[in-house]
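Peer 1: Attaching a single structure in structure tokens format; questions to follow.
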Amino acid sequence: MTTDVILGLLWRSFWETIWMTAASGLLSLVIGLPLGLALVVTGRGGIAEQPAINSVLAALVNGFRAVPFVILLIALIPLTRLIVGTALGTTAAIVPLTIAAIPYYARIAEVSLREVDRGLIDAVRAMGGNRWTIIREVLVPEAMPGIVAGFTVTLVTLIGASAMAGTIGGGGLGDLAIRYGYQRFETGVMIAVVIVLIILVCGMQWLGDRLANRLDRR
């Protein structure tokens, strides 16, 4: 296999991985952050304490987190076909990636939100602030560095998961490594995929750390 062919395959697979990671990451942020907020505010001592609701949400989150991604990937094939129309391809892989990432990120966001100083919440309450004011003006802004850092970790995890999705036809760098690097014994392709993944993960982690540090008010 010539260098030009390898580079062409790498370029296409790289953008497939970016698409899978970005789409599932965005959906996990949009759904996972409110879910993390719900776990905090309805939990014991929360601003809208609801033990029953909290128990149901926690059970759902823990249930999905307990299932290994490979098993979840296969178990969600019928749902993926229902939503996308096919169980193969880059877009189809976004469905299981998103469902796996939402509870993962929700727990990370929950940890960051729980670390917000209780005194700030009490101060806003004393000034007449309602629940939405506390969430908007205290919880989210104060937890933002942790939320961003947690989202970065989620994106890095999704890169690895997207490579795993490639083993069953999900496309991306994982698919390239399996079909060409492993099945066709193209060692150069396998090495190139590993290098690209390392660079991608390191670059994403660096950007996330920089943004989190900028948002840190301490």
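Peer 1: Consider Pro96 against the criteria (1) of a type outside the set (D, E, K, R); (2) out of contact with any Leu (no Cβ under 7 Å at 6 or more places or on another chain); (3) farther than 18 Å from Ala38 by Cα: it satisfies all of them except one. Which criterion is unmet?
Peer 2: (2)
Peer 1: Quick check, is Ala23 at pLDDT 90 or above and within 13 Å of Glu110 (Cβ to Cβ)? Step through it out loud before you land on a result.
Peer 2: Working: at pLDDT 90 or above: yes; within 13 Å of Glu110 (Cβ to Cβ): no.
Taking the combined requirement at face value, the residue does not satisfy it.
Peer 1: Need pairs with beta-carbon distance below 6 Å; first residue without any contact (Cβ under 8 Å) to a residue 40 or more places away in the chain and within the stretch 131-156, second outside any helix (DSSP H, G or I) and acidic (Asp, Glu); sequence gap 6+ or separate chains.
Peer 2: That search, which allows pairs on different chains as well, returns nothing.
Peer 1: Another question about this same structure. Yes or no: Leu158 under 30 Å from Gly203 (Cα atoms) and in a helix (DSSP H, G or I)? Explain how you work it out, then say what you get.
Peer 2: Details: under 30 Å from Gly203 (Cα atoms): yes; in a helix (DSSP H, G or I): yes.
Criteria met by Leu158.
Peer 1: Determine which member of the set Arg214, Arg179 is open to solvent by 20 Å² or more (accessible area, probe 1.4 Å), modelled with pLDDT under 80, assigned to a helix (DSSP H, G or I) and not hydroxyl-bearing (Ser, Thr, Tyr).
Peer 2: On the way: Arg214 fails: modelled with pLDDT under 80.
One residue alone meets the criteria, Arg179.
Peer 1: If you don't mind, another one. Consider Leu26 carefully, then state whether it is over 18 Å from Leu120 (Cα atoms) and open to solvent by 30 Å² or more (accessible area, probe 1.4 Å). Spell out how you get there, then give the answer.
Peer 2: Values: over 18 Å from Leu120 (Cα atoms): yes; open to solvent by 30 Å² or more (accessible area, probe 1.4 Å): yes.
Yes: the conditions hold for Leu26.
Peer 1: All but one of (1) loosely packed, with under 14 Cβ neighbours inside 10 Å; (2) in contact with a helix residue (DSSP H, G or I) (Cβ under 9 Å, 6 or more places away or on another chain) hold for Ile31; which doesn't?
Peer 2: Just one mismatch for Ile31, condition (1).
Peer 1: Looking at the stretch 1-19 only, could you name the residues that are more than 17 Å from Ile198 (Cα to Cα) and either surrounded by 23 or more Cβ atoms within 10 Å (Cβ to Cβ) or under 16 Å from the mean Cα position of the chain (by Cα) (or both)?
Peer 2: Correct list: Trp19 only.
Peer 1: Now, a different point. For the stretch 35-49, how many residues are exposed (fewer than 14 other Cβ atoms within 10 Å of the Cβ) and either of a type outside the set (Lys, Arg) or under 19 Å from Ala165 (Cβ atoms) (or both)? Walk me through how you get there before you give the answer.
Peer 2: Narrowing the stretch 35-49 to residues exposed (fewer than 14 other Cβ atoms within 10 Å of the Cβ): 44-45, 49.
Adding the requirement that they be either of a type outside the set (Lys, Arg) or under 19 Å from Ala165 (Cβ atoms) (or both) leaves 45, 49.
The number of residues fulfilling the criteria is 2.
Peer 1: With respect to the numbered conditions (1) at pLDDT below 80; (2) buried (at least 18 other Cβ atoms within 10 Å of the Cβ), which one is the sole condition not fulfilled by Arg184?
Peer 2: Going through (1) at pLDDT below 80; (2) buried (at least 18 other Cβ atoms within 10 Å of the Cβ) one by one, Arg184 breaks only (2).
To keep it simple, each residue is scored yes or no on (1) more than 14 Å from the chain's Cα centre (by Cα); (2) among the small types (Gly, Ala, Ser); (3) open to solvent by 70 Å² or more (accessible area, probe 1.4 Å).
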residue	(1), (2), (3)
Arg107	no, no, no
Leu113	yes, no, no
Ala126	yes, yes, yes
Trp132	yes, no, yes
Leu155	no, no, no
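Peer 1: Wholly within the stretch 33-140, which helices (runs of 4 or more DSSP H) include no fewer than the required count, namely at least 1 residues that are of a type in the set (Ser, Thr, Tyr), modelled with pLDDT under 90 and farther than 24 Å from Val153 by Cβ?
Peer 2: Values: elements: 51-66, 69-75, 77-84, 90-114, 118-126, 131-134.
Per the criteria, 77-84, 90-114, 131-134.
The values are calculated or read from the model by the stated rules, or taken from the named source; none is laboratory data. If you're wondering where the values come from, they're calculated on a predicted model, not measured in any experiment. Cβ: placed from backbone, ideal geometry, glycine included. Neighbour counts: every protein chain shown. These accessible areas exclude ligands, DNA and RNA; they are computed on the full protein's heavy atoms, side chains included. Shrake-Rupley method; radii C 1.70, N 1.55, O 1.52, S 1.80 Å.
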